[in-house]
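Just below is one structure, and these are the notes that go with it.
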Amino acid sequence: MQVPDIICCVDCGQSAHRMTEAPEAGWEAGDIVAYRCRGCNDRWDIVIDDPAEHHPRWDGLDGFDFRQFLQERGSQQKD
Ligand SMILES: [Zn+2]
């Protein structure tokens, strides 16, 4: 399994460099990889997904954020 050396920081858009060394046996799903952002110095802990367990949903709702949906619904009801 491949893990990127550099990811893009969600907060500031700068590059975040991997701090965690690759395990001798290689990366496995569920491993946590830490990154440190060069821009805002934030630490990012990324849990490795198992691509084999990631099936797109048949109804096309993959990635649907249910919490955000509830928040939006709640704010609408207040109006
Ligand atoms: Zn950053």
**OP:** May I ask you to list the residues in the range 37-56 that are at pLDDT below 75 and within 14 Å of the chain's Cα centre (by Cα)?
**Re:** 50, 51, 54
Original post:
Which ones in the range 2-32 are closer than 14 Å to residue 48 by Cβ, surrounded by 13 or more Cβ atoms within 10 Å (Cβ to Cβ), within 16 Å of the ligand (Cβ to nearest atom) and not basic (Lys, Arg)?
Top reply: 7
**OP:** Go through the range 34-52 residue by residue and tally those that are surrounded by 12 or more Cβ atoms within 10 Å (Cβ to Cβ) and away from the ligand (no atom under 16 Å from the Cβ).
**Re:** 1
Subject >> Matching residues in the range 16-40 - criterion: being in contact (Cβ under 8 Å) with a residue 24 or more places away in the chain and among the hydroxyl-bearing types (Ser, Thr, Tyr) >> reply: 35
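The values are calculated or read from the model by the stated rules, or taken from the named source; none is laboratory data. This is a predicted model, so every value here is computed, not measured. No Cβ is skipped: glycine too gets one built from the backbone with ideal geometry, and neighbour counts run over all protein chains shown.
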